[in-house]
Amino acid sequence: QVQLVESGGGLVQTGGSLRLSCAASGRTFSNYAMGWFRQAPGKEREFVAGISRSGGTTDYADSVKGRFTISRDNAKNAVYLQMNSLEPADTADYYCAAERSVVAQKASYLYDYWGQGTQVTVSS
């Protein structure tokens, strides 16, 4: 089992920044690729960013490329999502997830463990 707890969400104005954190506990964190997903009201959950076990490979949704950065610290059992130039369209609940693979995948069904989510609201 891996337990994941997100933090760092909140209310921010358009153009602002937030840094989400996801703390992991349980099994060896470095054995898991990690992903960030988001779900806006009335919409399906979508992939935002992913990072490989080592942190050497990252992937992003087209909608966030150049604005968001995913990183991880295996010594601290944590993964982060730095979000800059936020837009109202980024408003959603953000979830971190872990999957037993080397690189992160975009398909949510491949992930084994999920956090409870943290809410991000971007005002116009």
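The values are calculated or read from the model by the stated rules, or taken from the named source; none is laboratory data. Fair warning: this is a prediction, and the values are worked out from it, not measured in the lab. Quick reminder, even Gly has a Cβ in these numbers, built from the backbone with ideal geometry, and neighbours come from all protein chains shown. Each accessible area value is taken on the protein alone, full model and side chains, heavy atoms only, with ligands, DNA and RNA left out. Shrake-Rupley method; radii C 1.70, N 1.55, O 1.52, S 1.80 Å.
Points to keep in mind about this one:
- All aspartates and glutamates inside 17 Å of K76 as judged from Cα atoms, apart from same-chain residues fewer than 8 positions distant: E6
- Each part reduced to its alpha carbon centroid, the range 29-54 and the range 56-70 end up 11 Å apart.
- Cross-link partners of K43 among lysines, defined as those whose alpha carbon lies under 17 angstrom from its own and excluding same-chain residues fewer than eight positions apart: K106.
- Aspartates and glutamates whose Cα lies under 20 Å from that of K65, excluding same-chain neighbours fewer than 8 positions away: E44, E46, E87, D90, D93
- Placing R0 at 22 angstrom, the Cβ-Cβ distance between R100 and A23 gives a FRET efficiency of 0.70 after rounding to 0.05.
- Rounded percent of accessible protein surface that carbon and sulfur make up, the chain, 1.4 Å probe: 45 percent
- Computed label-point distance, nm, for sites T69 and S124 using a 7 Å Cα→Cβ extension: 3.0 nm
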